[in-house]
1. Tally up the residues in the stretch 305-348 that are in contact with an Asp or Glu (Cβ under 9 Å, 6 or more places away or on another chain), hydroxyl-bearing (S, T, Y) and at pLDDT 80 or above, please.
2. Could you go through the stretch 255-270 and let me know if any residue there is over 28 Å from T136 (Cα atoms), surrounded by fewer than 14 Cβ atoms within 10 Å (Cβ to Cβ) and either at pLDDT below 80 or in contact with a strand residue (DSSP E or B) (Cβ under 7 Å, 6 or more places away or on another chain) (or both).
3. Inside the stretch 75-111, can you point out the residues that are over 23 Å from K212 (Cβ atoms), open to solvent by 30 Å² or more (accessible area, probe 1.4 Å) and either of a type in the set (F, W, Y) or part of a helix (DSSP H, G or I) (or both)?
4. Tell me, please, whether a residue that is open to solvent by 40 Å² or more (accessible area, probe 1.4 Å) and in contact with a helix residue (DSSP H, G or I) (Cβ under 8 Å, 6 or more places away or on another chain) can be found in the stretch 154-169.
5. What is the one condition in (1) of a type outside the set (A, V, I, L, M, F, W, C); (2) closer than 30 Å to G313 by Cα; (3) open to solvent by less than 30 Å² (accessible area, probe 1.4 Å) that T116 does not satisfy?
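The values are calculated or read from the model by the stated rules, or taken from the named source; none is laboratory data. In this text, all values refer to a predicted model and were calculated from it rather than measured experimentally. Quick reminder, even Gly has a Cβ in these numbers, built from the backbone with ideal geometry, and neighbours come from all protein chains shown. SASA here: full protein model, heavy atoms, side chains in, ligands and nucleic acids out. Shrake-Rupley method; radii C 1.70, N 1.55, O 1.52, S 1.80 Å.
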Amino acid sequence: MRVQYSKSPFDLSIGKGVNIISSNKIAESKHVVPKALVRKVIRMKKRSFFKGVVLVLAAAVIAGGALYFYPAWRAAKKLEENLDFGDFSYRLEVELKKEELDSGQQRVLGILAELTGFEEGAMYCYTITGSVWDDTIHALIYPKGASEPLFELYLSEELDVINEAMLYNVVRRNLLKENALLNFIVPVQEKDMYMSLEQVEKLFHIDLTSAKTFTSPVANTRFTVMQYFWGLATMAHEENEKGESFRAVTDRAQMDLELAEGEEEFVVEVTFSVEDPAEVLVENEQLLKGLGFDLSDERMRILKRLSVYAVSGEGRGFQMPTEFVSQDVIDIISGIRGLLSNPAKGSS
């Protein structure tokens, strides 16, 4: 019998296709090969174990994140479906920066203080209440310390008007403090009458462009579910007796959002306050743009402090006024302006 050695040290080939393995080689293979295989199997099992752990942890993180952010997503869906930026009531508290107002704006506030008898400083702090319905803004404006509104305004794309009777009667009371005889010359106006802001500009030679061009900061606003979600996801969430609330607090700003879902309507209450709004906007410009907000700081730069309370669904129900002043009333107002411009003549 002819024996042929193969290239492998473990095998002997006898004839064609017949292999003979020596007992020594078999014994050797029993000690070497199983150890290598065991190490390989152990490594594979370790990798599989770590992969399993990673997958379990990833699943836990995803599940935890889903549970944590679900209230924000649920609220975002409700806001996208129900919130109407053309239907809400509001209350604003505003403090202006005098140094940021141009000379024309300061002159307007000075004339108002002169006409109404308020301290000039009161003209830089206001409480404003009103509502928004479609493209129309209704506003009642109270200077600091006033128990009754000084102005009533209706602002829309087509017409901007002021309650002339309201301002007229305040001015009248101020004049009567100095000259009681004016009680017979300047009668009380019992009925609300309105005049356009263009007429006010002509009467008092002032520029009211900023008021005439003012629009709601959220006019024609429509946010997507994702925009609402990214905003709400950064806020603390709580369940309460009304429904649920979200809160965000920074060094100079705070926002509270209350969501209440009744049988017939979904109500949103927003409370927001900020110090130095223009600076806060600049500091958070990238974040706000990422959320879909494109806010200009032009109007914000004149504000020292701003606080807002708004409730959805409470804007409807008012219409633009239709009763306007007569020329006789305009002549009386013009005469009052003349008295104030020439006090010596008025007191003689």
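1. Going through the stretch 305-348 one residue at a time, the tally reaches 3.
2. Yes, the conditions are met somewhere in the stretch 255-270.
3. K77, K78, E80, E81, N82, E99
4. Checking the stretch 154-169: not a single residue is open to solvent by 40 Å² or more (accessible area, probe 1.4 Å) and in contact with a helix residue (DSSP H, G or I) (Cβ under 8 Å, 6 or more places away or on another chain).
5. Single failed check for T116: (2).
Okay, residues lined up against (1) modelled with pLDDT of 90 or more; (2) among the hydroxyl-bearing types (S, T, Y):
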{"residue": "L112", "(1), (2)": "no, no"}
{"residue": "T116", "(1), (2)": "no, yes"}
{"residue": "M123", "(1), (2)": "yes, no"}
{"residue": "G130", "(1), (2)": "yes, no"}
{"residue": "A139", "(1), (2)": "yes, no"}
{"residue": "Y142", "(1), (2)": "yes, yes"}
{"residue": "A146", "(1), (2)": "yes, no"}
{"residue": "L155", "(1), (2)": "yes, no"}
